[in-house]
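Enquirer: There's a structure below that I have some questions on.
The values are calculated or read from the model by the stated rules, or taken from the named source; none is laboratory data. Not measured: the values here are computed from a predicted model. Every residue, glycine among them, receives a Cβ derived from its backbone with ideal geometry; neighbour counts consider all protein chains shown. Surface accessibility is based on the protein's heavy atoms, side chains included, excluding ligands, DNA and RNA. Shrake-Rupley method; radii C 1.70, N 1.55, O 1.52, S 1.80 Å.
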Amino acid sequence: MSNYEFIRVENKDNGVSIITLNRPDKKNALNKKLIEELQDAFINFDRDDSRRAAVLTGAGDDAFSAGADLKDMPELWRGIPGVGSQTNKPVIAAVSGWCIGGALVMAMMADMIVASESAKFYYPEAKVGFTGGIISGLVNRLPYHVAMEVILLCRTLDAKRAYQLGFVNEVVPVGKQVEAAVAMADELATMAPLVHSTLKGFITDEVVKRGPSEQMARTLYQLHMLERSHDTQEGFKAFREKREPVFIGK
């Protein structure tokens, strides 16, 4: 188990990681620290060669997440799989109850979704007066007019309709969503990871169209990773110590 404050990470022996948004008293609302922890967890997941697949879920059955914590607004792009953390390993979202705003963006960016019968996908930003724009990618995952209904009219998409439209892969009884998603991840963990990463890379890099906000966020991720790199830290350290830097390309 992890030592994070607002998420839990369980790494199973077979290479499956279960990453849980863990603010159940706040319906797993996405505050600044939670998002930063989630970004860090997915970066570590991608770097760990022993990890084969991830399940992303929320603590409890009432809400995958109520969306951004308006009292402690995060940079939401950081916590979105495929945007603020990039991996060619499979990611499965396990959703129960409300999945609102930025949480809907997280779920849609997963490679597969398992939903409980109580799952409700809702994007209310047109009512709130704010958007980060990455939700535009929903038109790649739903029929255009349905996606626009969710985005512009702020209509709720329930589990049954989401399944009928192909947005979710499986609908299960409430409380069984993580179990079902982990079963899928366990199956993925038995297969060839190089094939998975190659095919997912082809699809996410060449087939799925990215909107402008997603492209911008992916650029910010690249710059973020550069800031975290050994070479950037070495460059600043060498400047302070008045010596030549020793770069290693990492």
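Enquirer: How much length would be gained if the chain were fully extended between HIS230 and GLU149, taking 0.36 nm per residue of separation minus their Cα-Cα distance, in nm to one decimal?
Expert: Extending this stretch completely gives an extra 24.6 nm.
Enquirer: Next question. Size of the dipole of the chain about the Cα centre, Lys and Arg at +1 and Asp and Glu at -1 on the beta carbon, nothing else charged, in debye to 20?
Expert: 440 debye
Enquirer: Could you order LEU194, LEU226 by accessible surface area, starting with the largest, using a probe radius of 1.4 Å?
Expert: Descending accessible area places them as LEU194, LEU226.
Enquirer: Would any residue of the range 215-231 have its amide N under 20 Å from a label point 7 Å out along Cα→Cβ of ALA238? List them or say none.
Expert: Of the residues in the range 215-231, 225-231 have backbone N under 20 Å from the label point off ALA238.
Enquirer: State the extension gain, in nm to one decimal, for the chain segment bounded by ASP72 and LEU220, taking 0.36 nm per residue of separation less the distance between their alpha-carbons.
Expert: Between ASP72 and LEU220, full extension yields an extra 51.2 nm.
Enquirer: Report the full-extension gain for the segment GLU117 to ASP186: residue separation times 0.36 nm, less the Cα-Cα distance, to one decimal in nm.
Expert: 22.6 nm
Enquirer: I would also like to ask the following. Scan the chain and note any complete DSSP helix (H) whose C-alpha atoms cover at least 18 Å along its axis and whose Kyte-Doolittle average is 0.5 or more.
Expert: Both cut-offs are met by no helix.
Enquirer: Quick check on my link table: of LYS32/LYS89; LYS71/LYS209; LYS26/LYS176; LYS127/LYS200, which ones sit more than 29 Å apart, alpha carbon to alpha carbon?
Expert: Cα-Cα > 29 Å for LYS71/LYS209; LYS127/LYS200; rest within.
Enquirer: Using a 10 angstrom cutoff on alpha carbons, build the Gaussian network for the chain and name the most mobile of ALA93, ALA29, ALA162.
Expert: Among ALA93, ALA29, ALA162, the largest GNM mean-square fluctuation belongs to ALA162.
Enquirer: Once you put a point 7 Å from the Cα of PHE247 and another 7 Å from the Cα of ARG47, both along the Cβ direction, what distance in nm separates them?
Expert: 2.0 nm
Enquirer: Place the peptides 217-224, 81-88 in order of packing, highest mean first, counting for every residue the other Cβ atoms within 10 Å and averaging per peptide.
Expert: 81-88, 217-224
Enquirer: Could you please put ARG155, ARG23, ARG141, ARG240 in sequence from largest to smallest accessible area, using a 1.4 Å probe?
Expert: ARG240, ARG155, ARG141, ARG23
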